[in-house]
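What follows is a single structure, written as structure tokens, with notes after it.
Nothing in this text is a laboratory measurement; each read-out follows from the coordinates by a stated rule. Bear in mind that the values here come from a model prediction, so they are computed numbers and not experimental data. Every residue, glycine as well, gets a Cβ built from its backbone with ideal geometry; the counts of neighbours run over all protein chains shown.
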Amino acid sequence: MLRFIGARLLQSLVALAIISVVVFALARATGDPLYLILPMSASPEDFENARRYLGLDRPYLEQYLSFVGRAVTGDFGNSLRARRPVSELIRERLPNSLRLAVFAMGVSLAMAFPLGVMAAVRKGTGLDRFAQVVSVLGQSLPTFWVAILLVEFVAGRLQWLPAGGIQGFSSYVLPGFTLGWFVVAGLMRLLRSGMLEVLDSEYVKLARVKGVGEGRVVWLHALKNALIPVITFAGIYFAILVTTAIVVETVFAWPGLGRLAYEGISSRDFPVIQAVVLTTAAIVAAVNLCVDCLYALIDPRIRYAR
Amino acid sequence: MPSSPVPEPAAARPVVDVRGLRTHLVTRWGTVKAVDGVSFQVAEGETLGLVGESGSGKSMTCLSLLRLVPRPAARILGGEVWLDGENLLTKSEREMRAIRGRRIGMILQDPMSSLNPVFSIGMQMREPVALYHRLRGRALTARAAELLAAVRIPAPAERLRAFPHQLSGGMRQRVVGAMAIAAPPRLLIADEPTTSLDLTIQAQYLGLLEELQDRHRLALVFVTHNLGIVARICDRVAVMYAGRIVEMGPVRRLFTRPAHPYTRALIESIPRLGARASRLTAVEGQPPDLAHLPAGCAFAPRCPSVMERCRVEAPPETVVEAGHVTRCWLEAPDGPPPPGAGPPG
Amino acid sequence: MPAEPGALTLPEVEPAVPAVAARRRLRLPLFPLAMILVFVAAALAAPLLPLPDPTAQSLRARFKPPAWAEGGSHEHLLGTDRLGRDLLSRIVWGARVSLAAGVVTVLVASAFGAAVGLAAGYYGGRIDALLMRITDATLSFPVILLALILAVTVGPSFTNVVVAIAVILWARYARVIRGQVLTLMQLDFVAQARLAGAGAWRIIMRHLLPNTLGTLLVLVTLQIGYVIIVEASLSFLGAGIPPPTPAWGSMIAEGRDVVTIAWWVSLFPGLAILLVVLAFNLLGDWLRDTFDPKLRQL
């Protein structure tokens, strides 16, 4: 089991390394940031000084290595625009993004599980059809459009919930729902099809033959088997939630990682861009690792495979 | 042991008495009469073999006894199923749940898929035992281990911690057997339990079943398509075709003097060592299309002794001898066939 | 009576492909097909339709509500935006952009991804491991961030949107196709082709690829909707198709500030996105159910 975790950890690190190279190259490719930082009246000399000060005149390889070296210790340098350590910025914004993602994920799971399981158990009935409509709509609605409409109608006209920023728990609701909507759709459909397959299996038949109550048959015997692909996708969806929150954060003025990235990109702030992408990738890798471990915990066939 | 036609006192009443059971299945090809008026009895300690091609209705009959037919496509339409004097078809779902496992046990065909892969053997054994005997904790685990020992599984206490994928097919089938007799039940249904096992293990498993049956005085319904197994462990045999029992009687009788052409064809198709046959004979023709059965006897299209009457009218159940019945116009008691029906062919 | 070909003895076991049943079961998904047809036709025929110029501004006609609301007129069926441009016309022209982006991106990504998947599955071993490493790394790269970076680097344009999305999307195809190829490789016909002396190219093109086309078709259809939404999100953020070309995403962004007084400016483009994506998703679902139910997990 440990070897399994070790191998996966190594894989994640390799992936992160590849990403760091890519993002390093890309950030450099976004153009010379100095034009945005220095005032119009700056002389060529000022440019030279600024360049040397920021270490932008050293060869690329050196820049990359020093970048990696410091990144490993959590030092991403200073934001070119805000003149503050990037790690500080990230420390401020990351928790907001994570909290929103966790909230959205929680809401999605709470809705997807009952819907998905009951849709399978009551296949063909009104509930099943309703679930299928929810599912297909969830994957077809453009989130930012829904967000705008929600802000207008629920926050603006009805004044039930706040329109933006973080002002306590109620602020999480609208952005959380907007983000999590399509996760509900995807997970619910996965659960439904997984349950349908499992409910037809021989071991479920045997459980019934033994006289086990129907509730236990569905929620214990069947569900645990249907969970396996669901967990994999839940991990993927969580990663998607963290990485595509940028749109929702923009609409709801949510001070998170996504907005930080947006600001960083528009102001060509290398250190910020690099840090955000790496952080995001690290989160995704960590989530995938957890998912794999959870997977092994649930399915004994994987645990004892070696 | 042949069942006698003389009315029995309650003590010798059959454990299970099925009368006119009918189960229909709705498919996209039409409505299939999977079980079409099936009647049989099994006494304590007796083994009834249920034989037929795939699709003949054997498994559906067993599921009907447990009222576990796949809904909503399948529905039990009528008949009576008496288990120790109670009609199961009138029971509520909750009452049936109390009966399943406790009074009727079942062994499914494929051991590789009948155990839940994500739960340990221990969990799957403890669950029914806790359900039937209200045991807990160490007593529960001890009883589960005892059951495993009863089916001759070595090191039962360790096996409880194992998972199904760590066991061989033969072992898994023993576990399933242990679950089936956990109560112990009155009736045990074995649906082709050895079909998926290696030949060498099959004989062992049959021996185990016989032992369990003796010990608990079980009524055993053994579903199979293998006549060799029938000869070995069954007392009586019921041959099914297209949802009906076409012949039923003591094993020896059916093998030596089969009354129904289908049974005869089945027996003749068994290759015999030493017999000088130039070719193997098989049952002629195609299996029936269950959604569109012909009028009259379902076997008529393939019957070597078919008569005009067979195509028109379905034959009723006729008694050939005490304890031996069949559905065939050849054995019908009502005189010679009507004029116009020529020699068989 | 001889048994019908494909008819069963006991329908507990599903037959492989029952000819009789298939004929009876084929219910074409009319709604999605019709919807897609309408949008594609409108997009292709846009220059020929009797619509006002989508870029024509008119300060007098600013913020006109749709024809059925108070103050609306038949001149502008769906109303006008901040600059007096006709909404219906802009939506129709925006369809060209979205559909083109969706189709082109998906075709490029699937071609490349399928190639990688086929190679990885066929050669196996170290090549497979290497390709899958790269695929996994790619899969975890956030699409929108990459597109934003490109937009800021090289400037927003149609090509950039396609490239940005395709560069990450191919990994999805590679994974799925590789899985399929692995299964196919177990089958006998590949071994037979090898024994007959067929080379790698021949085996891949003649034996493996045709068997994955069904899966590819399903994936492609399901992904078009996703790409359209991503393109719209990018345009919404200002990193997609640049003005003055009408794009649904940027139209929604423009209408965002005035949604209280002119709700139609944001509503209708979003509705268009919803309908098109819905249609593609429904079509993709039907394709998957018909050709390869094993893809349920997608």
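For the stretch C:189-298, what size does the Cα cloud have along each of its three principal axes, sorted from largest down, in whole Å?
So the three principal-axis extents are 72, 29, 18 Å.
Name the long-range amide H neighbours of residue B:240: under 5 Å, sequence gap of 5 or more, or other chain; modelled H, no Pro or chain starts.
Residues meeting the criterion, in which the H sits 1.01 Å from N, are B:51, B:52, B:246.
Under 5 Å between amide H atoms, partner at least 5 residues away or on a different chain: which partners does residue C:79 have, H built in plane at 1.01 Å?
Those qualifying (amide H under 5 Å, at least 5 residues apart or on another chain) are C:67, C:87, C:88.
Provide, as a two-decimal number, the C-alpha radius of gyration of chain C over 2.2 N^0.38 Å, N being how many residues it has.
Output field value: 1.24.
Enumerate the calculated ³J(HN,Hα) couplings along the stretch A:277-289 in order (Karplus 6.51 cos²θ - 1.76 cosθ + 1.60, θ = phi - 60°), each rounded to whole Hz, writing x wherever the residue is Gly or Pro.
Running phi through 6.51 cos²θ - 1.76 cosθ + 1.60 with θ = phi - 60° gives 4, 5, 4, 4, 4, 5, 4, 4, 4, 4, 4, 4, 4 Hz.
As an exercise, take the mean of 1/r over every pair of distinct alpha carbons in the stretch A:56-140, invert it, and state the Kirkwood radius in angstroms.
One decimal place: 17.2 Å for the Kirkwood radius.
Just the number, please: Stokes-Einstein D of the stretch B:202-250 in µm²/s, Kirkwood Rh from C-alpha pairs, 25 °C, 0.890 mPa s.
Rounded to a whole number, D works out at 206 µm²/s.
Taking the inverse of the average 1/r across all pairs of different Cα atoms in the protein assembly as shown, what Kirkwood radius in Å do you get?
Its Kirkwood hydrodynamic radius stands at 33.0 Å.
Using the alpha carbon gyration tensor of chain A, what are the three equivalent-ellipsoid semi-axes (square root of 5 times each eigenvalue), largest first, in whole Å?
In descending order, the three semi-axes are 45, 26, 13 Å.
Of the peptides C:97-106, B:147-156, how do they stack up when ordered by the mean number of other Cβ atoms within 10 Å, highest first?
By packing density, highest mean first, the sequence is C:97-106, B:147-156.
Starting from 0 in steps of 10 Å, tell me what percent of the Cα-Cα pairs of chain B lands in each bin.
P(r) for chain B, in whole percents per bin: 5, 23, 31, 24, 11, 4, 1, 0.
Can you work out ³J(HN,Hα) from phi for every residue in the stretch C:79-85, in order, using Karplus 6.51 cos²θ - 1.76 cosθ + 1.60 and θ = phi - 60°, giving whole Hz and x for Gly and Pro?
Going residue by residue, I get x, 10, 9, 4, 9, x, 7 Hz, with x marking Gly and Pro.
Average partner chain C-beta neighbours within 10 Å, per residue of B:113-124?
5
Count, for each residue of B:88-100, the Cβ atoms from other chains sitting within 10 Å of its Cβ, then give me the mean as a whole number.
Per-residue shielding by partner chains comes out at 1.
For C:59, C:217, what's the fewest-to-most ordering of other Cβ within 10 Å of each Cβ?
C:59, C:217
Assuming 1.567 mPa s and 4 °C, estimate D for the stretch C:154-221 with Stokes-Einstein, Rh taken as the Kirkwood radius over Cα pairs, in µm²/s.
93 µm²/s
Could you go through the stretch B:129-143 in sequence order and give the Karplus-derived ³J(HN,Hα) for each residue, using 6.51 cos²θ - 1.76 cosθ + 1.60 with θ = phi - 60°, rounded to whole Hz, and x for Gly and Pro?
So the Karplus estimates, Gly and Pro as x, are 4, 4, 5, 7, 10, 6, 9, 8, x, 5, 4, 5, 5, 4, 5 Hz.
Using amide H atoms built 1.01 Å from N in the peptide plane, name the residues 5+ places from residue B:320, or on other chains, whose amide H lies under 5 Å from its own.
Amide H neighbours of residue B:320, under 5 Å, 5+ apart: B:325, B:326.
Which of B:39, B:269, B:54 moves most in a GNM of chain B, Cα contacts under 10 Å?
Highest fluctuation among the options: B:269.
Counting only other chains, and only Cβ atoms inside 10 Å, what mean value do you get across the residues of A:209-219?
Counting other chains' Cβ atoms within 10 Å and averaging over A:209-219 gives 6.
Among B:44-50, B:84-90, A:169-175, how do they line up by average Cβ neighbours within 10 Å per residue, starting with the highest?
B:44-50, A:169-175, B:84-90
How long is the stretch C:49-115 along each principal axis, judged by its Cα atoms, biggest number first, in Å?
The principal-axis extents, from largest down, are 56, 21, 21 Å.
As I understand it, the value is the acute angle between the Cα axis of helix C:263-291 and the longest principal axis of the Cα atoms of chain C; what does it come to in degrees, rounded to 10?
Between the helix axis and the principal axis of chain C, the angle is about 10 degrees.
Tell me, what is the FRET efficiency for residue C:100 and residue C:260 to the nearest 0.05, using R0 = 35 angstrom and their Cβ-Cβ distance as r?
The formula returns an efficiency of 0.60 here.
Please arrange B:214, A:292 by counting, for each residue, the other beta carbons lying within 10 Å of its beta carbon, fewest first.
B:214, A:292
What nm distance separates the two modelled labels at residue A:63 and residue A:125, each placed 7 Å from Cα along Cα→Cβ?
6.4 nm
By count of other Cβ within 10 Å, fewest leading, how are A:111, B:248, A:188, C:205 ordered?
C:205, A:111, A:188, B:248
Can you divide the C-alpha Rg of the stretch C:214-265 by 2.2 N^0.38 Å and report the result to two decimal places?
Taking the Cα Rg and dividing by 2.2 N^0.38 Å, one obtains 1.44.
Could you work out the local net charge near residue B:145, counting Lys and Arg as +1, Asp and Glu as -1, over the other residues with Cβ closer than 12 Å to its Cβ?
+3
Cα axis of helix C:209-237 to longest principal axis of chain C: angle in degrees, 0 to 90, nearest 10?
Taking the Cα atoms of chain C, the angle to C:209-237 is about 20 degrees.
Just need the relative contact order of chain C here, percent rounded to a whole number, with Cα pairs under 8 Å and 6+ apart.
It comes to 21 percent, rounded to a whole number.
Which value at 222 nm does chain C reach when only helices count, each DSSP H run of 4 or more adding -39,500 (n - 2.57), with the total divided by all residues and rounded to the nearest 500 deg cm²/dmol?
Using -39500 (n - 2.57) per qualifying helix, the result is -22000 deg cm²/dmol.
Could you give the dipole magnitude of the stretch C:141-254 about its Cα centre, charging the beta-carbon of Lys and Arg +1 and that of Asp and Glu -1, in debye to the nearest 20?
Around 520 debye, computed over the stretch C:141-254.
State the percent of C-alpha pairs, over all pairs in the stretch B:1-149, separated by a distance greater than 19 angstrom.
Across the stretch B:1-149, Cα pairs with separations above 19 Å total 63 percent.
What's the whole-number percent of alpha carbon pairs in the stretch B:126-178 lying beyond 14 angstrom?
I get 49 percent for the Cα pairs in the stretch B:126-178 exceeding 14 Å.
Let me know the Kirkwood hydrodynamic radius for the stretch A:137-278, please, with Cα pairs as the basis and the value in Å to one decimal.
Computed over the stretch A:137-278, the radius equals 17.9 Å.
What three numbers, in Å, describe the spread of the alpha carbons of the stretch B:171-225 along their principal axes, ordered from the longest?
For the stretch B:171-225, the Cα spread along each principal axis is 28, 22, 15 Å.
State the percent of C-alpha pairs, over all pairs in the stretch B:94-167, separated by a distance greater than 15 angstrom.
Of all Cα-Cα distances in the stretch B:94-167, 59 percent exceed 15 Å.
Lysine pairs, Cα distance under 26 Å, 8 or more residues apart or cross-chain: how many in the protein assembly as shown?
18
Ranked from highest to lowest mean number of other Cβ atoms within 10 Å per residue, what is the order of the peptides B:297-308, B:183-194?
Result, highest mean Cβ count within 10 Å first: B:183-194, B:297-308.
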